[in-house]
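Peer 1: Sharing a structure, written as structure tokens. Questions coming.
The values are calculated or read from the model by the stated rules, or taken from the named source; none is laboratory data. A quick note: this is a predicted structure, and the numbers were derived from the prediction, not measured. Note: ideal-geometry Cβ built from the backbone for every residue, glycine included; neighbour counts use all protein chains shown. SASA here: full protein model, heavy atoms, side chains in, ligands and nucleic acids out. Shrake-Rupley method; radii C 1.70, N 1.55, O 1.52, S 1.80 Å.
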Amino acid sequence: MNPSAELVNKLWRLCAMLRKDGITYQQYVTELTYLLFLKMASEQKDESRIPEGYRWSRLKAANEAELLTVYKRALIDLGDPAKVADRSVVAIFQNASTIVREPANLRRLIDAIDGLHWFSAERDAFGDAYEGLLQKMAEETKRGAGQYFTPRVLIDVMVELMKPQPGEVIQDPAAGTGGFLIAADRFMREASDDYFELSPKQQAFQLREAFRGVENVPDTFRLLLMNLHLHKIDPDHLELGDTLSPKGSEAPFKRADLILSNPPFGPAGGPPTRDDLTITDRVSSYQLPFVEHIIRALAPGGRAAVVVPDNVLFDDGRGKALRRMLMHRCDLHTILRLPTGIFYAQGVKTNVLFFTRSVEADPAEDATKAVWIYDMRAGAPAYGKTNPLKRGDFAGFVAAFGDDPHGRAERKDEGETGRFRRFDRAALEARGDNLDISWLKDTSAEAEDGLDTPEDIAAAIEGHLMAALEEIGALVAELGSEMEDPAVAETAA
């Protein structure tokens, strides 16, 4: 077992002492965030940003009578910009509070963390351990921080195919706990030794300007900040807010060179409030407006890889108008049909869209000439806790995609018996621009017969129910929208 995995297991076992108080897994990981931040600052000899009275040594030295009082005061003051100058510290502790009620429990938690074997030789050791905790939380709760936890293997494949480069602006408009941003940073560091020969100006750009993201859930935003901090990423343009509000149309979130994202699925609690989302301005769901944001946020020549549910491929009305906008303004070169069961809400069927924004301001013709579709869903095994998605499962798709992040590598149509096929723009138009295309027998529904744990079976049932409710909600919203505005745009705005 590698050191970070061993550390994750030890940290996770500490949860037992708090679970009896009714504490949820997310509350536990949030509580660990505060304590681990202070502990790791001590381990890494980086406590200058923390007032002396709130450092790890002070918590260790406090007697049981004063411990909880000292800790609560530390959480309040460390989140106060009037008392702490470092913006990263303030952001992580903003509005922090503890769920620990008994000083004895806090003492046991502090002593247990202090007694673990910490290591500092590898740059990402602490970050890997923390990210492991986030994944563990997702596995235990079936849903991770945010909406659905994105499997790290899927993130790594998407990043590998998109090939992020130093100097590029990389955005995730639904940042979650930062998986895509961290994977992009890791890819650049490992892809070439030249990364470590960047000029001071280039290094400053990578640290402060390269990565940009928005997260709408305060507790998830805190986990995001901590995760990036532990991976030595400290961007200036990381915001707590709603991408579908005017926040998402601000300058830092425009003209991205690369967008990697798994936007939340389901109802958004109301239509977008941005003036520039002209196609999806009345859609009361997340997925369509997020796709429009990504199209508009890409710089000319910029590329994107985004996870979307099946309905984005076949919805009529504004869904169709959005697909036409996408294929007009961008080269939608590849769609990957993902197997079911890879997210912890297993009834959700998803895809990855790969596209590049046209370099022309207003092309007379559609930028998309053909769409290549890889079906990884048909005949897929049952994925769940006992059979997680693995890197090898993507080998066929990675080989078929090729080395060009814009999808321009030489490709071969495998025909009706293969998984990779090409559909030209005229064929798609003849289908009414419905991109939900399958030619192999889809056994994904039956695949859940292979699930053998109560947790996986229950999650699959929950996922199907949620997906059905979301589709009904989207239909109702669409009908209501068309009642108000029957002349839905049929061409790109």
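Peer 1: Yes or no: ARG58 surrounded by fewer than 18 Cβ atoms within 10 Å (Cβ to Cβ), in a helix (DSSP H, G or I) and not assigned by the TED database to the domain that holds ASP236? Steps first, answer last, please.
Peer 2: Working: surrounded by fewer than 18 Cβ atoms within 10 Å (Cβ to Cβ): yes; in a helix (DSSP H, G or I): yes; not assigned by the TED database to the domain that holds ASP236: yes.
Yes; evaluated as a whole, the condition is true for this residue.
Peer 1: Report yes if ARG208 is assigned to a helix (DSSP H, G or I), under 30 Å from LEU36 (Cβ atoms) and not assigned by the TED database to the domain that holds VAL90, otherwise no. Even if it seems obvious, please write down each step before you answer.
Peer 2: Details: assigned to a helix (DSSP H, G or I): yes; under 30 Å from LEU36 (Cβ atoms): yes; not assigned by the TED database to the domain that holds VAL90: yes.
So ARG208 fits the description; yes.
Peer 1: Additional query: Checking LYS441 against (1) surrounded by 15 or more Cβ atoms within 10 Å (Cβ to Cβ); (2) modelled with pLDDT under 95; (3) of a type in the set (Lys, Arg): exactly one of these is not met. Which one?
Peer 2: Result: LYS441 fails condition (1) only.
Peer 1: Scanning for something within 22 Å of the chain's Cα centre (by Cα) and either on the phi > 0 side of the Ramachandran plot or open to solvent by less than 50 Å² (accessible area, probe 1.4 Å) (or both), does the stretch 198-206 turn up at least one residue? Write out each step before concluding.
Peer 2: Residues of the stretch 198-206 that are within 22 Å of the chain's Cα centre (by Cα), as a first pass: 206.
Going one step further and asking which of them are either on the phi > 0 side of the Ramachandran plot or open to solvent by less than 50 Å² (accessible area, probe 1.4 Å) (or both), we end up with 206.
There is at least one residue in the stretch 198-206 that is within 22 Å of the chain's Cα centre (by Cα) and either on the phi > 0 side of the Ramachandran plot or open to solvent by less than 50 Å² (accessible area, probe 1.4 Å) (or both).
Peer 1: For the stretch 207-257, which positions are of a type in the set (Phe, Trp, Tyr) and farther than 16 Å from ILE182 by Cα?
Peer 2: Residues of the stretch 207-257 of a type in the set (Phe, Trp, Tyr): 211, 221, 253.
PHE253 - this is the single residue of the stretch 207-257 that is of a type in the set (Phe, Trp, Tyr) and farther than 16 Å from ILE182 by Cα.
Peer 1: Filter the stretch 34-55 down to the residues that are more than 13 Å from HIS229 (Cα to Cα), among the hydrophobic types (A, V, I, L, M, F, W, C) and assigned to a helix (DSSP H, G or I) and list them by number.
Peer 2: Listed by number, the list holds a single entry, LEU35.
Peer 1: Here's something else I'd like to know. Considering (1) modelled with pLDDT under 90; (2) in contact with an Asp or Glu (Cβ under 7 Å, 6 or more places away or on another chain), say which one SER261 fails and leave the rest.
Peer 2: Checking SER261 against (1) modelled with pLDDT under 90; (2) in contact with an Asp or Glu (Cβ under 7 Å, 6 or more places away or on another chain), the one that fails is (1).
Peer 1: Sticking with this structure for a sec: What tally of residues in the stretch 374-392 results from selecting those that are surrounded by 14 or more Cβ atoms within 10 Å (Cβ to Cβ) and under 15 Å from LEU161 (Cα atoms)?
Peer 2: Matching residues across the stretch 374-392 total 1.
Peer 1: Considering only residues that are open to solvent by 30 Å² or more (accessible area, probe 1.4 Å), over 14 Å from ALA91 (Cα atoms) and under 15 Å from the mean Cα position of the chain (by Cα), which ones fall in the stretch 217-268?
Peer 2: Result: ASP242, single match.
Peer 1: Residue pairs, Cβ under 6 Å, 6 or more apart or interchain, first in the stretch 70-92 and under 12 Å from PRO51 (Cα atoms) and of a type in the set (A, V, I, L, M, F, W, C), second surrounded by fewer than 16 Cβ atoms within 10 Å (Cβ to Cβ) and at pLDDT below 90. List them.
Peer 2: Qualifying pairs under 6 Å: VAL89/ARG49.
Peer 1: Is it true that some residue in the stretch 384-403 is of a type in the set (Ser, Thr, Tyr) and either closer than 22 Å to PRO309 by Cβ or free of Cβ contacts under 8 Å to residues at least 24 places away in the same chain (or both)?
Peer 2: No, the stretch 384-403 contains no residue that is of a type in the set (Ser, Thr, Tyr) and either closer than 22 Å to PRO309 by Cβ or free of Cβ contacts under 8 Å to residues at least 24 places away in the same chain (or both).
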